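The values are calculated or read from the model by the stated rules, or taken from the named source; none is laboratory data. All values derive from a computational prediction rather than experimental measurement. All Cβ positions, even for glycine, are placed from backbone atoms using ideal geometry, and neighbour counts span all protein chains on display.
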Amino acid sequence: MRIGIPRETKTLEGRVALVPAACGDLVRRGHEVWVEKDAGVKSGFSDAQFERVGVKIAPDAAALYEKGELIVKVKEPIAGDLALLRKDHLLFCYLHLAAEPALTKKLLDIGLAGVAFETVELDNGDLPLLAPMSVIAGRIGIQVGTHLLHQPMGGKGKLLGGLPSTERGKVVVFGAGQAGSNSAELAASGGANVVVFEKRQDRMTEMMRLGPNVTSLYPYEEVVARELANADIVVGAVLVTGAKAPHVVTREMIRGMEPGSVLVDISVDQGGCFETTRPTTWKEPTYVEEGVIHFAVTNMPGAVPQTSSQAICAAILPWVSKLASGQWRDSQPLMRGINVEGGRLVHPALQGMKL
């Protein structure tokens, strides 16, 4: 099969879906791999490195999409991509369609088959292609949130870990999946007092094991409001597979927080779990609502493309191989990953979506 890997065009997005070593494996298996010129440069991979393993370089996006049958990219297609996608393309990338009705309609109009990384689901419910980027986003959330707490950035001017004679900072995390648990772990290791809201008892227990400065609680509304009132950083990492994220924090709760506090919404790709969330980019990553700094960048892992590209490539390569083999419909995880096909909404979480 002809596999096409376009250059990512989302604002300040530096990832590439497949690194040269992975492309080499696909070439050795008999596939024809095309990469758009300079697609890997921001991740530290030159065109020459791709060419050395047998990859063909397309001079521009139009040539890349013309050659490719299976299109493998990182982020959802935007305007330039949509103009070049065809009905006969098989698209494999993050889609996050629940929060993107306009994109959903365009993909339905094109009629292609779209398999989303975030909805490829194993029999035990695990989401193997979402996990690595969730880990990175969880860590970035705390790194960025810590920086935004600095007074020159508009924050309250607090050091999370504290020191003798000062109070520790407080971090509240919603969700103890891959993203939330990594946020909690990094914040706790930095010395902050951490509160994690989670509904699953096994995950609550796991969070308590991070250390004596971590508390795990059930998200009763009254308790959530109480804990938010004196929080320094709040991280939203709530996920419902394929569906729009529920709002777990209301505007009224945010109004009750201290000025200069920070909200980081990792769930923004699925619409966000804070009522005041709106998507931002790395070019303009923050805004202020109710005196609280909001960070809601829709491609957080794109800020560390060398790490992110290696991580996502290792996760998706086995699934790319199955898709390219032509026998992928025998794979239940990939079948669960189909979001749209032939002008129809396929994934159960999207059916009934207003377009």
| query | Take the residues of the stretch 42-79 that are assigned to a helix (DSSP H, G or I) and within 21 Å of the chain's Cα centre (by Cα): which is surrounded by the fewest Cβ atoms within 10 Å (Cβ to Cβ)? | reply | Ala79
| task | For the stretch 214-243, enumerate the residues that are assigned to a loop (DSSP other than H, G, I, E, B) and either over 18 Å from Val297 (Cβ atoms) or not assigned by TED's automatic domain parsing to the domain that holds Ser183 (or both). | result | Tyr218, Pro219, Tyr220, Ala229, Asn230, Ala231, Asp232, Val240, Thr241, Gly242, Ala243
| The lone exception for Ile233 - which of (1) surrounded by fewer than 21 Cβ atoms within 10 Å (Cβ to Cβ); (2) within 23 Å of the chain's Cα centre (by Cα); (3) among the hydrophobic types (A, V, I, L, M, F, W, C) it fails | (1)
| task | Within the stretch 316-337, work out how many residues are buried (at least 18 other Cβ atoms within 10 Å of the Cβ) and either among the hydrophobic types (A, V, I, L, M, F, W, C) or under 20 Å from Arg86 (Cα atoms) (or both). | result | 9
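What residue, among those in the stretch 214-237 that are of a type in the set (D, E, K, R) and touching a residue at least 12 places away in the same chain (Cβ under 8 Å), is nearest to Ser189 (Cα to Cα)? Talk me through it step by step, then tell me what you get.
At the first step, the residues of the stretch 214-237 found to be of a type in the set (D, E, K, R) are 221-222, 226-227, 232.
Cutting the leftovers down to touching a residue at least 12 places away in the same chain (Cβ under 8 Å) gives us 227, 232.
Working: Glu227: 20, Asp232: 16 Å.
Out of the qualifying residues, it is Asp232.
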| field | Selection count where residues are of a type in the set (Ser, Thr, Tyr) and either touching a residue at least 60 places away in the same chain (Cβ under 8 Å) or part of a loop (DSSP other than H, G, I, E, B) (or both), scope the stretch 155-213 | value | 3
| field | Exclusive hit being under 27 Å from the mean Cα position of the chain (by Cα), at pLDDT below 95 and surrounded by 17 or more Cβ atoms within 10 Å (Cβ to Cβ), set Leu186, Leu160, Leu148 | value | Leu160
| request: May I ask you to list the residues in the stretch 254-269 that are over 16 Å from Thr146 (Cα atoms) and either modelled with pLDDT of 95 or more or out of contact with any His (no Cβ under 6 Å at 6 or more places or on another chain) (or both)? | output: Ile254, Arg255, Gly256, Met257, Ser267, Val268
| query | Looking at (1) more than 19 Å from the chain's Cα centre (by Cα); (2) more than 24 Å from Val115 (Cα to Cα); (3) acidic (Asp, Glu), which is the only condition Glu341 fails? | reply | (2)
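Would you confirm whether any residue within the stretch 263-274 is surrounded by fewer than 18 Cβ atoms within 10 Å (Cβ to Cβ) and assigned by TED's automatic domain parsing to the domain that holds Arg139?
There is no residue in the stretch 263-274 that is surrounded by fewer than 18 Cβ atoms within 10 Å (Cβ to Cβ) and assigned by TED's automatic domain parsing to the domain that holds Arg139.
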| remark: Only one of Leu91, Leu108, Leu85 is at negative phi and in a loop (DSSP other than H, G, I, E, B), namely Leu85
| note | Per the list (1) at pLDDT 95 or above; (2) closer than 19 Å to Met300 by Cα; (3) charged (D, E, K, R), residue check on Glu198 breaks on (2)
